[in-house]
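Worksheet: one structure, shown below.
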Amino acid sequence: MKQTRQSDLYFPEEYEPCPSCNSTERVVDSQRAEVSCARCGLVLDENLIDNGPEWRAFDHEQRDKRTRVGAPSTYAISDKGLTTVIDWKNKDINGRSIPETKRAQLYRLRKLNKRMRVSRTGERNLALALSELDRFSSRLGLPRSVREDAAFIYRKASKNNLIRGRSIEGMVATSIYMSCRRCNIPRTLEEVSEISNVSKKQLGRNYRFLSRQLNIKLKPTSPSDYVPRFATKLDLSGEVQSKAIDIIAKSKQSGLNVGKGPTGVAAAALYIASILLGERITQKVVADVAGVTEVTVRNRYKELAEHDSSICM
C-alpha cells in the first residue's frame, strides 16, 4: 500500500464520515484522481478535477511571470486569503504617484476595507486567534502543514462554539499541540506551555476537552519521535541516533515503555547509545535538552540496563 505523506491529508470544512469506519480524515491521490479514507483506505471520490495550472515553471522568476492568480486559500488567515487588500503604497497600477487630492479618499477606503474584513465579533476573535497561532508556530519552528492543521482544528472548535468561556491563547496552544501530535512532529506540553504562557494543567484540560468534543483520537507519542531532535541539539552522530532508536524498539517489545514519559525514555536511550559508541555525554546535558530531571534519566537508564541486558549490547 502506498505510504501517505502528511501533506496529502485533506480536512474539508463540510464532510461526511466514512461509511466504513466513521473517520473524517481523507487522503487525496492526485495521480489517481481519487479521495480515500486515511484510516481504512475506502475510495470515497474519484475522477477529481485538477485545479492546478496548465503550465510548468522551472524557477521562481519564471513562475512569477506565468502565474495569473493570487496566493492559494489558507486556513491560517481569518478570511482564508480570499479578500482584496488595498496596498499601502500611494501609487497606481502603472507606478505613478497618486495625486494629493485622491490620497485622503484612498486612506478612507483602506480604513473601511480593514473594518469590513473583521466587522463581526467572531471574525475579530478569529483574526486575533490566527495571528497568535502564527506567532506560537514561529517560535516552535513548525512547518506550514502543521499551522494549517492547527488552524483547521481551531476553526472547527470555534464553529461548534467550544471557544466561548475559554481563553483564546489556551485554545490556540492546544490546537497547535494536537496538530503536532497528528502530524508526528513531537512537541512536549512543556514547550507549548513555555511559548504560550498557558499552564500545563490548562493545556491538558483543553486537550481532553477538544479530543472528546471533536472526536479526535490521537495515538500516544513514541520516544523514537524525539530522538532526532534531541540528538541534533546534543550534536550526536547518525550512528548514535540509529542505536538509540534500536534500543527504544527493543524496550518497546519488552514492555518497558508502558506508563513512562516518552521524553525520559528517549533521553535515556540517547545516553546509553552515546556511551556504547564512544560519544559519551553527561546525564545532566541530556536531561536539560529533553526537559526532564537527571533522576528521570537515571531511572530510565537503570530500567533499560537491568531489565534486559540485550538492549544495551
Original post:
Between residue 48 and residue 275, what is the spin-label point distance in nm, taking each point 7 Å from the Cα along the Cα→C-beta axis?
Top reply: 5.0 nm
Original post:
Which of 86, 43, 30 sits closest to the plus end of the dipole of the chain, meaning its Cα is farthest towards the positive end, when Lys and Arg get +1 and Asp and Glu get -1 on the C-beta?
Top reply: 86
Original post:
Could you give the length gained on full extension between residue 166 and residue 284, defined as 0.36 nm per residue of separation minus the Cα-Cα distance, in nm?
Top reply: 38.7 nm
Subject >> Dipole magnitude (debye, nearest 20) for the chain, charges at Cβ of Lys, Arg, Asp, Glu >> reply: 1380 debye
Subject >> Debye, to nearest 20: dipole size of the stretch 18-153, +1 on Lys, Arg Cβ, -1 on Asp, Glu Cβ >> reply: 1120 debye
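Only helical DSSP H runs with n ≥ 4 go in: add -39500 (n - 2.57) per run for the chain, normalise by residue count and round the 222 nm mean residue ellipticity to 500 deg cm²/dmol. Numbers along the way, then the final one.
Details: 12 runs with 159 residues, N = 313.
Helix contribution divided over all residues of the chain: -16000 deg cm²/dmol.
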**OP:** Could I have the simple spin-label model distance between residue 194 and residue 114, label points 7 Å from Cα toward Cβ, reported in nm to one decimal?
**Re:** 3.5 nm
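Express in nm, to one decimal, how much length is gained between residue 299 and residue 96 on full extension, taking 0.36 nm for each residue of separation and deducting their alpha carbon distance. Walk me through the intermediate numbers first.
Numbers: separation 203, 0.36 × 203 = 73.08 nm, distance 7.08 nm.
Working it through step by step, the gained length comes to 66.0 nm.
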Subject >> Size of charge dipole - the stretch 183-284 - debye, nearest 20, with Cβ of Lys, Arg +1 and Asp, Glu -1, no other charges >> reply: 560 debye
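Which longest run of the chain has no exposed loop site in it, a site being GluC sites (Glu not before Pro) in a DSSP loop with at most 14 other beta carbons within 10 Å, and the site itself not part of the run?
Values: sites that count: 13, 14, 54.
With a cap of 14 other Cβ atoms within 10 Å, the longest stretch comes to 55-313.
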**OP:** Report, ordered by chain and residue number, the lysines lying within cross-link reach of residue 102, taken as a straight Cα distance under 24 Å and ignoring same-chain residues fewer than 8 apart.
**Re:** 89, 91, 111, 114
Original post:
Got a sec? How would 36, 73, 158 order by Cβ neighbour count within 10 Å, fewest to most?
Top reply: 73, 158, 36
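Exceeding 19 Å between C-alpha atoms, which entries from my cross-link table qualify? They are 200/284; 219/260; 219/252. Provide the component values of the computation, followed by the final result.
Working: 200/284 23 Å; 219/260 15 Å; 219/252 15 Å.
Over 19 Å Cα-Cα: 200/284.
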Subject >> Reachable aspartates and glutamates from residue 156, criterion Cα separation under 13 angstrom, eight or more residues apart if same chain >> reply: 13, 14, 148
Original post:
Does a label point 7 Å from the Cα of residue 217, set along Cα-to-beta-carbon, have any residues of the stretch 167-193 with amide nitrogen under 16 Å, and which are they?
Top reply: 182
Original post:
Hey, rough spin-label estimate for residue 253 and residue 57, points 7 angstrom out along Cα→Cβ, what's it come to in nanometres?
Top reply: 5.0 nm
Subject >> For the chain, convex hull of alpha carbons as volume per residue, Å³ >> reply: 203 Å³
Original post:
Assuming R0 = 41 Å, what is the FRET efficiency of residue 106 and residue 208, from their Cβ-Cβ distance, to the nearest 0.05?
Top reply: 0.25
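Only the coordinates and a few stated rules stand behind these numbers; no lab work does. Please read these numbers as outputs of a predicted model, since none were measured by experiment. Here the Cβ is made from the backbone with ideal geometry for all residues, glycine too, and neighbour counts use every protein chain on show.
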